[in-house]
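The values are calculated or read from the model by the stated rules, or taken from the named source; none is laboratory data. Just so it is clear, the structure is predicted and the values come from calculations on it, not from any experiment. Positions of Cβ are backbone-derived with ideal geometry, glycine not excepted, and every protein chain shown enters the neighbour counts. Note: accessible area is taken over every heavy atom of the protein model, side chains too, but ligands, DNA and RNA are not part of it. Shrake-Rupley method; radii C 1.70, N 1.55, O 1.52, S 1.80 Å.
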Protein chains: 4
Amino acid sequence: MRALFHGIIPPVVTPLLSNDALDEAGLSRLIEHMLAGGVHGLFLLGTTGEATSLSYKLREKFVKLACNQIGKRVPVIVGITDTCIEDSLNMASCYKEAGADAVVIAPPYYIPISQSEMMQYLEGLVPQLPLPFFLYNMPGYTKLHMSVETVNFARELGALGIKDSSGDLMYLYTLIDKFKDTPEFSIFTGTEIFIPETIMHGGHGAVAGGANMFPRLFVDYYEAAVRKDFEQISLLRQMVMQIYNTVYNVGKHTSKYTLGTKCALSVMEICNDYAALPLRKFDDEKRARMQQYIQELKEKLVYI
Amino acid sequence: MRALFHGIIPPVVTPLLSNDALDEAGLSRLIEHMLAGGVHGLFLLGTTGEATSLSYKLREKFVKLACNQIGKRVPVIVGITDTCIEDSLNMASCYKEAGADAVVIAPPYYIPISQSEMMQYLEGLVPQLPLPFFLYNMPGYTKLHMSVETVNFARELGALGIKDSSGDLMYLYTLIDKFKDTPEFSIFTGTEIFIPETIMHGGHGAVAGGANMFPRLFVDYYEAAVRKDFEQISLLRQMVMQIYNTVYNVGKHTSKYTLGTKCALSVMEICNDYAALPLRKFDDEKRARMQQYIQELKEKLVYI
Amino acid sequence: MRALFHGIIPPVVTPLLSNDALDEAGLSRLIEHMLAGGVHGLFLLGTTGEATSLSYKLREKFVKLACNQIGKRVPVIVGITDTCIEDSLNMASCYKEAGADAVVIAPPYYIPISQSEMMQYLEGLVPQLPLPFFLYNMPGYTKLHMSVETVNFARELGALGIKDSSGDLMYLYTLIDKFKDTPEFSIFTGTEIFIPETIMHGGHGAVAGGANMFPRLFVDYYEAAVRKDFEQISLLRQMVMQIYNTVYNVGKHTSKYTLGTKCALSVMEICNDYAALPLRKFDDEKRARMQQYIQELKEKLVYI
Amino acid sequence: MRALFHGIIPPVVTPLLSNDALDEAGLSRLIEHMLAGGVHGLFLLGTTGEATSLSYKLREKFVKLACNQIGKRVPVIVGITDTCIEDSLNMASCYKEAGADAVVIAPPYYIPISQSEMMQYLEGLVPQLPLPFFLYNMPGYTKLHMSVETVNFARELGALGIKDSSGDLMYLYTLIDKFKDTPEFSIFTGTEIFIPETIMHGGHGAVAGGANMFPRLFVDYYEAAVRKDFEQISLLRQMVMQIYNTVYNVGKHTSKYTLGTKCALSVMEICNDYAALPLRKFDDEKRARMQQYIQELKEKLVYI
């Protein structure tokens, strides 16, 4: 039995015109672009979606528009991570109404908390949630690298699965090993290059930011892993590595993944590259480099 | 010319009955307790105030009640740190209306940002603020240890001063040295034990969490430093060290400062010790230890 | 063309009777045990070999005895990492005389150095080396995570390859990608579980501590990866994971890998488990647990 | 009763002509320069002395020459920190013979060890030492920030005191507080700017690298702190801060303290600025800046 949630679930960027205005046309194009590429679900309002930089009102509007556009063609999960439990619950209700299928929770990210404090947080939050939930491990942003015990605690509270963006593959393997007898608990990697590793060891999929730009590439990469088609994996891996070495290598700070993806999508004429504060879109020099990188990537992708 | 903001400005705990209900009577008692102790100002909705764990609505109510109770007897500064610029601006407007004198800004705390991104954030936020602002350096929570250049950038944008909670005294001395020719720029330490060091080297005061419990002790400590009364400093330092070794040493995690202070205030019958999720108040065993610690501290304080 | 150095090269533990006496009989048994298991080379005086805890005299004696026992049946590489360049050079001469085929260099590990300082160190050291050398990336111990540029600099100076013990698989993939056109530059992982990942992406082998205990298992694991035999990989991976969850999980500190391996070898009656200060061998309770773990592992290995 | 060891004890730089040749004339001048400045003792072969980069033979020669030159005019303590207990003991014997009064021990610095492993290390090492010992806390280099319990364990084994170079003043105050009833246990700071803080809170002195260049300044700074002469402290503090902002601010890496000090001493014509690998002396551009800085410092020091 395959897990309900599996495959490539892109963390959707939030196309913006300004800090409080959506690029609605861009959003439509972006969703159709990804669905045409065969993605298995969509994750709204994650780190790539700049969720924490947006007002709740804008987030709600975004989820409604996105869910309308998606029209139940694939499952939709939406981030409700916050530092305030009331706000997480409010978001969960709004997003349920808007059509979300599940919500995503990472540790509250201001106070550095312990594993036991994360457990008591889940104990307080989860029973009040109107939708099923995923866990999201993102230690570089939340300061907590959730232990296997904490993840298991969440699973016992009903978690559908976990997205791990720690970059620590040994940890991901340990999770897969720990939960191998509960295959309905989905394990996703947030590190694109590790998709075959994740799938072949028993994981379920990837929340791959690169699928905003190149959804078909990542779906093919995932399917090659499912089929254990090593030649294809090897071929596609070069493309994924090239994205990593180009698109994600233009900026200098942690923001380079989000800004690189937005700039690439703008160069591809899919949506606007405005980034909410504290980020700012790439300047002209960086954009020019991105244009060349995208050109090169597109030429290669034709032949695959 | 003395800086407008100086002396002991406690980061006020937020007395709660539940995650969304204030302990209003406790709040009144707490404010009167601190004002009776001679504090020079009050800082609402900081880390000790569990700001990020509370809904905006509750925060607004809290600021209104607190400002009413304070009645302009001392200056009031209020934290508006957030990950979303719109929400920071909304809070600033609300708190101005409620009677705040200035707001406090730390780096947005989800995305790990660079110094240059902090500068562009301030550049976007500050011109829209309806009140003067303080900077708040809190690298353990926000992931950014603001450089002297970033602090100077904020000062040029009009910052009234900075509260440094890095615990890095060499950094604080470097700030004092850097800004010695602009004495109207206030430099506060967030590390209680460093009050004499800060004052004697040219700093202006302290945001001292312990002043929630023992305001007079911290005011005396500050004034002894202003007077360069080393015998008194030495005597009071032992008390401050004892708080550190007892009240702040009951819990095991980073939350031990906030939870210890709330528990102590409850033992002292000043306000409720409910803590908002992800925190939880101390259990009975910890509370019993706290009771003994407070008893011992009170006995010593009588003789000072 | 296959790289000269490839396959499973165990980092040999140094069997001791005391801080300055070797367990010579144990050393013979250990070497024969590993060679019987089909290992492709041996790495003496690495981290697992407690090199830095031993006197130069003892190290020299150890290398001589080991090389005699090995008798050129497989290539031998020996660590000369030190904080003093003269001592590294002295060791290199001694070990050449003793029969070593190459030496291994990690960054000098007392002063935290920069990438450029590592390059100038290599520039000063390498031309004086009497033997070819490998690079060893071990950031948790040396404080320097060598950049791809630094590794390339070493390669240009003649490095035969690199052992990466950072645990950062993305970094290892980046190295493999960077050096894919110079396949004579060998890339080894120091993380046992990543052997198939390393081999299938174009790496050359592993410096696997577990091969002290179970050499055949790791050789089979490597060969399955070379053959792309996924069923076998999957089966063997469970065994490797079990070692990780048992043998390496008895101790509590970073030393748990070395102490676990030594204790297991002692339980298997291969060599003594004395560990040089600052380490100390496991106590009886831990040893009893180890006995049970080894029993369980042996039973499983019979059926593979 | 004053502790045997107190005051300003410079960590002496090791004047070199090459990686294995001492600048003997420079060493004589350096020692006379410091003794003329009134220093209370000398610490040979510490971090500033590049001990770990030098061969044991060179270290022994250096200690002999230095002790001869010092001729018992002040106490001499010598670092024996190593990763191998035998080598530490050999050094201790040599240095005793050469005339050292005590040795200095930091945690062995290759394997990341725990507090309990540090205790068992001391338990194994200390009973064999031929001289009394100091502890040296240097977490940035050794990876272990020794707990108060570990320091107390060392004290019970007979430690004469501790030098703390963590830069964490709260920790230093905690040590002073903990050991206030055993004033014969000396507490030294390794952070120059904290000399008055250390002395006025009950500490005993400083291992101040800057006293290689400006011994009288640091002795005056110490004595002003002993006298509680705040005007003088304030004046001298500006000088110390200026050294920090100039001499120590020329280099870019952790090595900037050692290289800055050596370059300054060379500019002052006291000794050669050769630095042992992995370090290299400053280039001409940096040296030119140093020349100007030293000129400015000397002009100011005349008027103090």
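For C:Tyr244, all conditions in the list (1) within 19 Å of the chain's Cα centre (by Cα); (2) in a loop (DSSP other than H, G, I, E, B) hold save one; what is the number of the exception?
Single failed check for C:Tyr244: (2).
Select from segment A:278-293 the residues that are open to solvent by 20 Å² or more (accessible area, probe 1.4 Å) and farther than 16 Å from A:Pro15 by Cβ and list them in ascending order.
A:Asp283, A:Asp284, A:Glu285, A:Lys286, A:Arg287, A:Ala288, A:Arg289, A:Gln291, A:Gln292, A:Tyr293
Under 22 Å from B:Lys57 (Cα atoms) and either within 14 Å of chain B (Cβ to nearest Cβ) or not β-branched (Val, Ile, Thr) (or both): does that describe A:Cys84? Working first, answer last.
Values: under 22 Å from B:Lys57 (Cα atoms): yes; either within 14 Å of chain B (Cβ to nearest Cβ) or not β-branched (Val, Ile, Thr) (or both): yes.
Spelling it out, A:Cys84 is indeed under 22 Å from B:Lys57 (Cα atoms) and either within 14 Å of chain B (Cβ to nearest Cβ) or not β-branched (Val, Ile, Thr) (or both).
As an exercise: evaluate D:Gly210 against (1) touching a Ser or Thr at 6+ places or on another chain (Cβ under 8 Å); (2) touching a residue at least 40 places away in the same chain (Cβ under 8 Å); (3) within 14 Å of chain C (Cβ to nearest Cβ) and give the number of the one condition it does not meet.
Unmet condition: (3).
List pairs: first residue in segment D:131-160 and among the charged types (D, E, K, R), second residue part of a strand (DSSP E or B) anywhere in the structure, Cβ distance under 9 angstrom, at least six positions apart or on different chains.
Filtered contacts from segment D:131-160: D:Arg155/D:Leu135; D:Arg155/D:Gly161; D:Arg155/D:Ile162.
Is there any pair with a first residue in segment A:70-87 that is closer than 21 Å to A:His33 by Cβ and a second that is modelled with pLDDT under 95 whose Cβ atoms are under 7 Å apart and which are 6 or more apart or on different chains, and what are they?
Short answer, once both residue conditions are applied: A:Pro75/A:Phe5.
One line per residue, one yes/no per condition, for (1) within 12 Å of A:Leu44 (Cα to Cα); (2) within 14 Å of chain B (Cβ to nearest Cβ):
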| position | (1), (2) |
| --- | --- |
| A:Lys72 | no, no |
| A:Pro75 | yes, no |
| A:Ser88 | no, yes |
| A:Lys96 | no, no |
| A:Ala100 | yes, no |
| A:Ala106 | no, yes |
| A:Ser114 | no, yes |
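Quick check on my filter: what residues within segment C:141-168 are modelled with pLDDT under 95 and over 14 Å from the mean Cα position of the chain (by Cα)?
Going through segment C:141-168, the residues modelled with pLDDT under 95 turn out to be C:167-168.
Once the filter is applied, which keeps residues that are modelled with pLDDT under 95 and over 14 Å from the mean Cα position of the chain (by Cα), segment C:141-168 yields only C:Asp168.
If the requirement is being in a helix (DSSP H, G or I) and at pLDDT 95 or above, which of these qualifies: B:Gln295, B:Gln232, B:Gln238?
B:Gln295
Restricting to segment A:21-62, count the residues that are under 13 Å from the mean Cα position of the chain (by Cα) and within 14 Å of chain B (Cβ to nearest Cβ).
7
Only one of (1) open to solvent by less than 10 Å² (accessible area, probe 1.4 Å); (2) in contact with a Lys or Arg (Cβ under 8 Å, 6 or more places away or on another chain); (3) without any contact (Cβ under 8 Å) to a residue 40 or more places away in the chain fails for B:Phe185. Which number is that?
Against the list (1) open to solvent by less than 10 Å² (accessible area, probe 1.4 Å); (2) in contact with a Lys or Arg (Cβ under 8 Å, 6 or more places away or on another chain); (3) without any contact (Cβ under 8 Å) to a residue 40 or more places away in the chain, B:Phe185 comes up short only on (3).
Taking segment A:169-197 on its own, how many of its residues are farther than 24 Å from A:Ile31 by Cα, assigned to a helix (DSSP H, G or I) and away from chain C (no Cβ under 11 Å)?
Here the count works out to 1.
Condition test on B:Thr81, is it under 17 Å from B:Gly190 (Cα atoms) and either of a type in the set (Val, Ile, Thr) or touching a strand residue (DSSP E or B) at 6+ places or on another chain (Cβ under 6 Å) (or both)? Steps first, please.
On the way: under 17 Å from B:Gly190 (Cα atoms): yes; either of a type in the set (Val, Ile, Thr) or touching a strand residue (DSSP E or B) at 6+ places or on another chain (Cβ under 6 Å) (or both): yes.
The answer is yes for B:Thr81.
Check C:Leu125 against each of (1) open to solvent by 40 Å² or more (accessible area, probe 1.4 Å); (2) facing chain D (nearest Cβ under 8 Å) and name the one condition it does not meet.
Every condition holds for C:Leu125 apart from (1).
The conditions are (1) open to solvent by less than 30 Å² (accessible area, probe 1.4 Å); (2) small (Gly, Ala, Ser); (3) within 13 Å of chain D (Cβ to nearest Cβ), and B:Ser166 fails exactly one of them. Which is it?
It is condition (1) that B:Ser166 fails.
When D:Ala225 is evaluated against the numbered criteria (1) within 16 Å of B:Leu169 (Cβ to Cβ); (2) touching a residue at least 40 places away in the same chain (Cβ under 8 Å), which criterion, by number, is the only one it fails?
Only one criterion in (1) within 16 Å of B:Leu169 (Cβ to Cβ); (2) touching a residue at least 40 places away in the same chain (Cβ under 8 Å) is unmet by D:Ala225, namely (2).
What is the number of the single condition among (1) more than 10 Å from every other protein chain (Cβ to nearest Cβ); (2) without any contact (Cβ under 8 Å) to a residue 40 or more places away in the chain; (3) part of a helix (DSSP H, G or I); (4) crowded, with 20+ Cβ neighbours inside 10 Å that C:Asp273 does not meet?
(3)
Return yes or no: is C:Asp168 acidic (Asp, Glu) and within 16 Å of A:Leu169 (Cβ to Cβ)? First the steps, then the outcome.
Details: acidic (Asp, Glu): yes; within 16 Å of A:Leu169 (Cβ to Cβ): yes.
So C:Asp168 fits the description; yes.
At pLDDT 95 or above and not acidic (Asp, Glu): is that true of A:Leu65 in this structure? Break it down into steps so the answer makes sense when it comes.
Numbers: at pLDDT 95 or above: yes; not acidic (Asp, Glu): yes.
It is true that A:Leu65 is at pLDDT 95 or above and not acidic (Asp, Glu).
Looking at D:Ala92, D:Ala100, D:Ala51, which one is touching a residue at least 12 places away in the same chain (Cβ under 8 Å) and farther than 30 Å from C:Arg280 by Cα?
On the way: D:Ala92 fails: farther than 30 Å from C:Arg280 by Cα; D:Ala51 fails: farther than 30 Å from C:Arg280 by Cα.
Just a single option satisfies the conditions, and that option is D:Ala100.
Mind listing whichever residues of segment C:141-163 are closer than 19 Å to C:Ile8 by Cβ and either within 13 Å of another protein chain (Cβ to nearest Cβ) or in a loop (DSSP other than H, G, I, E, B) (or both)?
C:Leu160
Tell me which strands (runs of 3 or more DSSP E) are completely within segment B:1-100 and hold 3 or more residues being surrounded by 24 or more Cβ atoms within 10 Å (Cβ to Cβ), or say none if there are none. Don't jump to the end; show me each part of the working.
Numbers: elements: B:16-18, B:42-44, B:76-79.
Qualifying strands (runs of 3 or more DSSP E): B:42-44, B:76-79.
Got a number for residues in segment A:101-122 being open to solvent by less than 10 Å² (accessible area, probe 1.4 Å) and in contact with a strand residue (DSSP E or B) (Cβ under 8 Å, 6 or more places away or on another chain)?
Looking only at that region, the number is 6.
Could you look through segment D:220-232, keep only residues that are more than 12 Å from chain B (Cβ to nearest Cβ), surrounded by 21 or more Cβ atoms within 10 Å (Cβ to Cβ) and not acidic (Asp, Glu), and pick out the one that is nearest to D:Ile77 (Cα to Cα)?
It comes out as D:Tyr222.
Being open to solvent by 10 Å² or more (accessible area, probe 1.4 Å), within 14 Å of chain C (Cβ to nearest Cβ), within 19 Å of the chain's Cα centre (by Cα) and farther than 16 Å from D:Ile193 by Cα narrows it down to one residue among D:Lys262, D:Lys252, D:Lys256; which is it? Show your work before the answer.
On the way: D:Lys262 fails: open to solvent by 10 Å² or more (accessible area, probe 1.4 Å); D:Lys252 fails: within 19 Å of the chain's Cα centre (by Cα).
So the residue among D:Lys262, D:Lys252, D:Lys256 that is open to solvent by 10 Å² or more (accessible area, probe 1.4 Å), within 14 Å of chain C (Cβ to nearest Cβ), within 19 Å of the chain's Cα centre (by Cα) and farther than 16 Å from D:Ile193 by Cα is D:Lys256.
Looking at segment A:199-229, which of the residues that are under 27 Å from C:Met241 (Cα atoms) and charged (D, E, K, R) is modelled with the highest pLDDT? First the steps, then the outcome.
The initial filter retains those residues of segment A:199-229 that are under 27 Å from C:Met241 (Cα atoms), namely A:199-208, A:221-229.
With charged (D, E, K, R) added as a condition, the list becomes A:223, A:227-229.
Values: A:Glu223: 97, A:Arg227: 94, A:Lys228: 90, A:Asp229: 92.
My answer is A:Glu223.
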